[in-house]
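The values are calculated or read from the model by the stated rules, or taken from the named source; none is laboratory data. All values derive from a computational prediction rather than experimental measurement. For neighbour counting, all protein chains shown are included, and Cβ atoms are generated from backbone atoms with ideal geometry for every residue, glycine included.
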Amino acid sequence: MKYLDEYRDPKIAQALVEQIRARVTRRWVLMEICGGQTHTLMRYGIDGLVAPGVELVHGPGCPVCVTALEVVDKAVAIASRPDVTFASYGDMLRVPGSHADLFRVKAAGGDVRIVYSPMDALKLARAMPERKVVFFAVGFETTAPANAMAVWQAHREGLANFSALVSHVLVPPAIRLLLQSPANRVQGFIAPGHVCTVMGYREYEALASEFHVPMVVGGFEPLDLLEAILMLVGQLEDGRAEVENQYARSVTREGNAGARRIMERVFEVSGRKWRGIGEIAQSGYRLRPKFAVHDAEKVFGLETITAEEPAECISALVLQGLKKPPDCTAFGTRCTPDTPMGAPMVSSEGACAAYYVYRRHELLTLAGD
Ligand code: SF4
């Protein structure tokens, strides 16, 4: 296939659904890791098409959603300083911290700017040597190469007024945590295609073998996801636990060697706190000591800030696939995209936002019956 709409062909989709139904002999619980995949599943009603033989639960793969509350608080503290220009991707501005979000800081006169690339933040640092320019470097392995490149370039140019507030998270340790949990229900994973484009899928082979759980690297279009589900169901029905690559037009086993090289030069693996989940060992990146002058946490002395999650928000359970957004008592009432209580309702990739956008009317109708 060559064009995007071919990956949305209804006839091929129907044929794949029929193949899935024909293959299933019992109910299987599968998890898609990535928030982009969750939105496609909800938008096209794929979860309903493959039920009841396949139950889809939604994983922690939305970078905005898993950015720890205390990291947002640190961003707010830094951005509120009069000597700082704070640069961020737009979707981080509405993520609620303990007391404020970055939009509020901007409304109160803070110099908060939306950028589309860390290189835009570098340009700001070059253009305004009198200001401290801080880039909010969040995301999974997908955004890490460009963020690493920005820090590496700043270091090379001696741009001491550029720093990054780094909160990168890594997917395989989160999958390991899910699989180790006694409450785990997931029997197969659709691995995140964009992350694997950078990292390859060797790490997933180790997980599949250790936990005897099948994984299929999946893309983001409806036919990608249906094919990935069919491949997973095939493995489960055969009793196999391998890594297969459905997203071969983008992913290779080794990933992008150049991207991985720059990440390894600039970042080192560290423990990382995930919003709603807590600390996961070896699940994040931090800047190597060589780049300490560009590490915003060190530059602004904010390493000790901590914060507690709101008790009503069950995003921890949602992000681990143990509950679905409508199970939350605040869903669609006290928590909406306009008044989000938790990060999964803020981000366009969040599971709560996906249910709100694509399923709210359906759910309200059912509740009214
Ligand atoms: S609906 Fe809102 S409060 Fe409930 S889990 Fe989702 S983000 Fe948290």
> Which residues, counting only those in the range 329-367, are modelled with pLDDT of 90 or more, over 15 Å from L41 (Cα atoms) and either in contact with a strand residue (DSSP E or B) (Cβ under 7 Å, 6 or more places away or on another chain) or not in a loop (DSSP other than H, G, I, E, B) (or both)?
Replying inline: F331, C335
> When you go through K106, K74 one by one, which is the residue that is surrounded by 21 or more Cβ atoms within 10 Å (Cβ to Cβ) and assigned to a helix (DSSP H, G or I)?
Replying inline: K74
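Residues are listed down the side, and each one gets a yes or a no for (1) out of contact with any Asp or Glu (no Cβ under 6 Å at 6 or more places or on another chain); (2) farther than 30 Å from Y3 by Cα; (3) surrounded by 13 or more Cβ atoms within 10 Å (Cβ to Cβ):
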| position | (1), (2), (3) |
| --- | --- |
| A241 | yes, yes, yes |
| Y247 | yes, no, yes |
| V251 | yes, no, yes |
| E279 | yes, yes, no |
| F291 | yes, yes, yes |
| H294 | yes, yes, yes |
| A311 | yes, yes, no |
| L322 | yes, yes, yes |
> Looking only at residues in the range 258-277 that are surrounded by fewer than 22 Cβ atoms within 10 Å (Cβ to Cβ) and assigned to a strand (DSSP E or B), which one is modelled with the lowest pLDDT?
Replying inline: K273
> So which residues in the range 325-343 are surrounded by fewer than 24 Cβ atoms within 10 Å (Cβ to Cβ), within 7 Å of the ligand (Cβ to nearest atom) and small (G, A, S)?
Replying inline: A330
> Are any residues in the range 344-361 within 10 Å of the ligand (Cβ to nearest atom) and under 16 Å from K324 (Cβ atoms), and if so, which ones?
Replying inline: P344, M345, G350, A351, C352, A353, Y355, Y356
> Given the residues V134, V112, V151, V138, which is the only one that is assigned to a helix (DSSP H, G or I) and either of a type outside the set (D, E) or free of Cβ contacts under 8 Å to residues at least 40 places away in the same chain (or both)?
Replying inline: V151
> Any idea which of L287, L319, L302 is in contact with a strand residue (DSSP E or B) (Cβ under 6 Å, 6 or more places away or on another chain), of a type outside the set (S, T, N, Q), more than 16 Å from the ligand (Cβ to nearest atom) and within 22 Å of D73 (Cα to Cα)?
Replying inline: L287
